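Data block below; observations after.
The values are calculated or read from the model by the stated rules, or taken from the named source; none is laboratory data. Keep in mind that what you see is a predicted model, and the values were worked out from it rather than measured. Cβ atoms come from the backbone with ideal geometry, glycine included; neighbour counts cover every protein chain shown. These accessible areas exclude ligands, DNA and RNA; they are computed on the full protein's heavy atoms, side chains included. Shrake-Rupley method; radii C 1.70, N 1.55, O 1.52, S 1.80 Å.
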Amino acid sequence: MAQGGAYLTTAQGVRLPDSDHSLKAGPRGPVLLQDHHLREKIMHFDQERIPERVVHARGAAAHGVFRSYGTAANVTKAAFLQEGVETPTFTRFSTVIGSRGSSDTVRDTRGFATKFYTTEGVYDLVGNNIAVFFIQDAIKFPDIIHAVKPHPDREIPQAQSAHDTFWDFMSLHTEAMHHTIWAMSDRGIPRSYRTMEGFGVHTWRLVNAQGETTLAKFIWKPKAGVHSLVWEEAQIINGVDPDFHRRDLADAIEAGAYPEWELCIQTFPDTPEQTFEGIDLLDSTKIVPEELAPVQPIGLLTLNRNPSNYFAETEQVAFHAGHLVPGIDVTDDPLLAGRLFSYLDTQLMRLGGPNFAQLPINRPHAPVNDMLRDGMHQTAVHTGVAPYKPNSLDGGCPFFAGSDEGGYVEVPTPVEASQKVRQAPESFADHFTQPRMFWLSLSPVEREHTIDGFVFELGKCYEQAVKERTLRALAEVDPYLCERVAEGLGLPAPKATRELPDVQPSPALSQVGSKWPTKGRLIGIIADENADLDAVRALRREIFNGDMVPLVIGPTGGKLGANSGDPVTVQRSFVTGRSTEFDALIVAAAPVPGKDAFATRDAKAWNGTADAAIDPRVELMLTEAYRHAKPLGALASARSAFDGAGIPVDAPGIVVGDDAEAVLRKVVDLLRHHRVWERFPAYA
């Protein structure tokens, strides 16, 4: 079984004495055709890669457990949602656009897919970190993906929408505006998978034990709060650590800071119109504000184990929106209808045939008696002679199960008499009211970031007509938004063609204004041999005690106080450390330029002056963290580091003191807000 045994073998279990040399006719002779080991080894290597996902190709995943609160038991009979039930899970996060080799922190939608191995069979909740989708009907899915993927002539740009074809599609197809404004906001660049919401997007039909139905939307709420990067930070990370999100997820689990999300639902009466407060529940470009339909927690997901093999688990896991269990049914959402077809079709190509459910990561934890036979990669050894129904030769087995015996029975919803047409309901036609609601729900700093997102992306477009058409669409959302984006593009701002609706903001859509737990956050401690190492040790201890992760940043690798009885291990050096990795920094020393601090070796070590008071790489770390609105602390003895970096110690979010633990407490309290946005004035 892989590499755990005592001896290397062939795939057939034959032990091998050598795997470094081909079988040859003498040491310098030709390789012999009979070398079965060479043939097997090369053949398998040649076939190692499978077709990557068309979308969501780059992903990271983890095993976990879902514990139900039982609060959904009144609306669904799903066994895994009954009180106290614990269900094994596997959750995969991903970016949508890029290939497997792209970067993690690009501006993009993220996938959030969870496989529940329930006692009634596999249930897959396949969603995104954005609550709405680009399109209302699945027949347009190839169009939006073709538009957002790299240009077919150059295969660039990779993993981003900052190009003409995407904005050409979006400006001509304005139902995409709601998803687009989410993506241009901070939601498009999450700080980590651990601080990312997840949405099931569609409206589902829940069925309880009495056969009563309720419409519902699923939402994942991170216990750590919703938190994003700033754009410059994301761009830096794409270069210095393109694996930032997958590393963060794996390191958090490895450190025991298990990421957690509450699964929540919004519920609505199951009326024939399938609307709520005037919102069409079958339109996947619309949300129901939490203020209208409260979010109700129904269980807790904890990710507690990393995959042991990326390919076998993260790459081969196969999700499907149609993997349902009794108590959860579909609605007539036209986007969902296409997904019910597309996922299975995709698995046939990616995983080489219809038996992908037999792969270990996809296997149900419930008995399987499916009567499906043969096909590529069939690993089950089926018994019985009658794989058909009805039969008598196998005693009629297996038997059908009614709803009372746990059988999956679709809700017998009435179908209105109508005509076959290719059209959408009139309620799908409003493309701007909800984008306006989203915009007005953002805090001032989030609005400015959204403007910057639009300016950057449209600024990368070549076609003037595409920019102008997008500005006309933005004018229908908000005049300030349109004017500031037009200003950034150097173009005139058009006016709206209608009176803009008076909408009620939804404060729940803003990521700013609340306080959150700090579990699992990373705090960097800048130190050198002149630092008070007792204070550094105390900082590390208290950070660990607070369920956070301390990382000591020193001039070089190795240990500080190596000759003492209790040396301090350096986890990051001035060469390898960058502010973007940390949620906050505490300065325990003001290091002078190191021996390697010269530009020909490390360009970061040059700040334009030959007599820098502190190492320029420390200065860069501090100025970046300050500019990115992160909490900063310093021991009084190291205050000169702030002076050398030009950081005013009386600015918001700057803590200086003699007591290391008191400084840490204040920094952690600032960290509960994620960032110190009041450090910078609002746009005038």
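Rounded, prolate or oblate for the chain? Axes are the square roots of the Cα gyration tensor eigenvalues, ordered a ≥ b ≥ c, and the cut-off for rounded is a/c under 1.5. The shape class here is oblate. Given 37 °C and 0.692 mPa s, how large is the Stokes-Einstein diffusion coefficient of region 483-594 in µm²/s, with Rh as the Kirkwood radius over Cα pairs? Translational D for this selection: 184 µm²/s. Within region 2-74, the chymotrypsin sites (Phe, Trp or Tyr not before Pro) that combine a DSSP coil assignment with at most 14 other C-beta atoms in a 10 angstrom radius are 7.
Our note on the geometry: Cα centres of region 381-449 and region 48-78, 17 Å apart.
Need the C-alpha centroid separation for region 567-588 versus region 129-192, integer Å. Answer, in whole Å: 36.
If you take all other residues with their beta carbon under 15 Å from the beta carbon of residue 318, and give Lys and Arg +1 and Asp and Glu -1, the sum is +1.
Dipole orientation for region 283-423: of the candidates 319, 400, 417, 319 has the Cα lying most toward the positive pole (charges on Cβ; Lys, Arg +1; Asp, Glu -1). Spin-label model, residue 427 to residue 11: label points 7 Å out along the Cα-to-beta-carbon direction sit 5.3 nm apart. Cα centroid separation, region 309-328 to region 79-108: 10 Å.
Of all DSSP beta bridges confined to the chain, the antiparallel ones make up roughly 80%. Per-residue ellipticity at 222 nm, computed for the chain from helices alone with -39500 (n - 2.57) per DSSP H run of at least four residues, works out to -7500 deg cm²/dmol.
Using Cα positions and a limit of under 17 Å, work out the lysines in reach of residue 41, with same-chain residues fewer than 8 apart set aside. Counting by Cα, and skipping residues close in sequence, residue 41 has these lysines nearby: 24. Most tightly packed first, judged by the mean number of other beta-carbon atoms within 10 Å of their residues, the peptides 51-62, 556-567 read 51-62, 556-567. When the square roots of the Cα gyration tensor eigenvalues are ordered a ≥ b ≥ c, the ratio a/c for region 430-513 is 1.5 or more and a/b does not exceed b/c, which makes its shape oblate. For the chain, the share of accessible area belonging to carbon and sulfur comes to 54 percent (1.4 Å probe, ligands and nucleic acids excluded).
Straight-line reach from residue 149: taking Cα to Cα under 18 Å and skipping same-chain neighbours fewer than 8 places apart, the lysines in range are 140, 460. Partner lysines whose Cα lies under 18 Å from the Cα of residue 559, excluding those fewer than 8 positions away in the same chain, are identified as 595.
Averaged per residue, the chain has 47 square angstrom of accessible surface, using a 1.4 angstrom probe with ligands and nucleic acids left out.
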